[in-house]
Every structure is written in structure tokens, then in C-alpha cells.
Number of protein chains: 2
Amino acid sequence: MTDPDGTTPAHPVTGLDDLVHQRVRLGILTIVHEARRAEFGFLRTQLQLTAGNLSQHLGVLESAGLVEVEKGYAGRRGRTWVTLTAAGDVALTEEIVRLKQLIARVETTNGG
Amino acid sequence: MTDPDGTTPAHPVTGLDDLVHQRVRLGILTIVHEARRAEFGFLRTQLQLTAGNLSQHLGVLESAGLVEVEKGYAGRRGRTWVTLTAAGDVALTEEIVRLKQLIARVETTNGG
């Protein structure tokens with residue numbers, strides 16, 4: 001747990017970004033990664049959220065440039081579509097890399 | 001993405017518990033899992049936190065029964081020690097299981 005020079009390296013969680021790691025936002029990003037383009041109501045059902053809570057997290061992700069939110073119509077009904085941006089894809093990939101490092105550390109010490 | 005009966009199953013993130021998933025608390029749990037018993041100052045350095053922020057998250061974990069916090073001495077200096085409880089070990093294991101499901105989903109759709 002100590003480097004040869006006596007310093008302690010930072011823990012993998014210090015590299016996690018709360019913007020992406022937060023549970024609901026991680027859910028939004030993984031779904032739009034899977035579905036390429038996801039409808040607001042679909043996200044709400046999948047993530048079991050209120051509309052207000054989903055809107056709030058979408059706003060955070062949109063402001064950070066990780067998703068694009070566009071309003072349109074399906075017949076006469078308004079629909080909101082969410083897509084992952086290139087920056088969002090990079091951020092999700094980075095989160096997955098860090099999570100794997102974290103999991104590897106936990107599993108190395110299992111039963112140790 | 002749809003079950004044979006036409007319903008959509010909930011997303012893996014709905015099974016994540018914010019108590020454990022939150023970045024700093026996940027860090028605390030993984031370190032005390034590794035180290036069995038970690039000193040407050042060590043946690044603070046590893047997680048790059050202020051004392052106040054660390055105390056706050058330790059309080060949340062202690063109230064939930066996931067860690068035990070005990071005060072003692074190293075020579076004449078007061079020390080605070082943190083250990084993982086059995087419930088904390090179960091909660092961390094559960095988080096790791098969910099994260100792996102999430103990672104598998106993201107990686108299945110990579111380049112798809």
C-alpha cells in the first residue's frame with residue numbers, strides 16, 4: 001500500500017468523476033450508450049424516476065456536454081430525445097476503466 | 001431491451017444503493033475492506049478529503065452499520081480507527097456485483 005519512495009498513491013476513487021459516477025447519471029449514460037437515442041419516458045421507466053428528478057440530472061449532463069436533449073414529435077405528441085455526445089462516450093469509457101480498477105482491488109483482497 | 005411478455009426490465013443502476021455507490025463512501029468501504037482497519041488520517045490522504053467531509057461520510061456509514069468507528073491512542077496522540085462490519089462487507093460485495101452487470105452491458109454494446 002506504500003510506494004518504494006514511501007508515499008502512498010491516491011486511491012482509484014479519486015479518479016472517479018461525480019458528474020458521471022452519480023447513480024442516476026451513470027444510468028442515463030449507459031442507456032443512451034446502449035440505445036444511441038433514448039426517449040424521456042423510456043429513461044424514466046428504466047431508471048424508476050420522477051420526471052422532475054430525471055429532468056434535473058439530464059440538465060446536469062447536458063450542461064456538461066455529455067448528452068444532447070432535443071424536443072420533437074411522435075404524431076401529435078411531444079417527445080424528448082436524449083443522445084450521447086462524443087464527450088459523453090469518452091466520459092463513460094473513463095468511468096468504466098476506473099470501476100474495473102476498483103473492482104480488481106476489492107477482489108484481490110477477498111479472502112486475503 | 002424488451003422481455004418476451006412486452007415489459008421492460010429495470011436497469012441495473014436501479015439496484016445500486018446510493019449509500020454504498022456514492023464516490024467517497026465507495027472509497028472508504030474499499031479501503032477498509034483492503035486494510036481491515038484503517039486510520040482516519042490514512043483514509044483522508046488516500047481519498048484526498050478534508051477532515052470534515054470524511055467525518056460526514058463516516059457518520060453516514062456508521063449510522064447504517066456498514067463500518068465501526070473507534071477512538072484510541074497511538075502513544076499520546078488520539079487516533080480514530082475505522083473497520084468494516086459484516087453488513088458493510090455484504091453491501092460492498094453487492095455493489096461490486098451490480099457494477100459488473102453494468103460494465104457488461106456497456107461493453108456488450110461497444111462498437112455495436
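The values are calculated or read from the model by the stated rules, or taken from the named source; none is laboratory data. What you are looking at is a predicted structure, and each value in this text was computed from that prediction instead of being measured. Counting neighbours? That spans all protein chains shown, and the Cβs are built from the backbone with ideal geometry, glycine included. Ligands, DNA and RNA are excluded from the accessible area calculation, which covers all protein heavy atoms including side chains. Shrake-Rupley method; radii C 1.70, N 1.55, O 1.52, S 1.80 Å.
With respect to residue B:96, is the statement that it is within 11 Å of another protein chain (Cβ to nearest Cβ), without any contact (Cβ under 8 Å) to a residue 12 or more places away in the chain and under 12 Å from the mean Cα position of the chain (by Cα) true? Lay out the reasoning, then the answer.
On the way: within 11 Å of another protein chain (Cβ to nearest Cβ): yes; without any contact (Cβ under 8 Å) to a residue 12 or more places away in the chain: yes; under 12 Å from the mean Cα position of the chain (by Cα): yes.
Yes.
Of the listed requirements (1) more than 9 Å from every other protein chain (Cβ to nearest Cβ); (2) open to solvent by less than 30 Å² (accessible area, probe 1.4 Å); (3) over 26 Å from residue A:13 (Cα atoms), residue A:46 misses just one: (1). Scanning the range B:1-39 for residues that are in a helix (DSSP H, G or I), at pLDDT below 95 and aliphatic (A, V, I, L, M) gives B:13, B:35.
So which helices (runs of 4 or more DSSP H) stay within the range A:40-112 end to end and still have 1 or more residues that are in contact with a Gly (Cβ under 6 Å, 6 or more places away or on another chain)?
Working: elements: A:40-47, A:51-63, A:86-108.
Ranges flagged: A:40-47, A:86-108.
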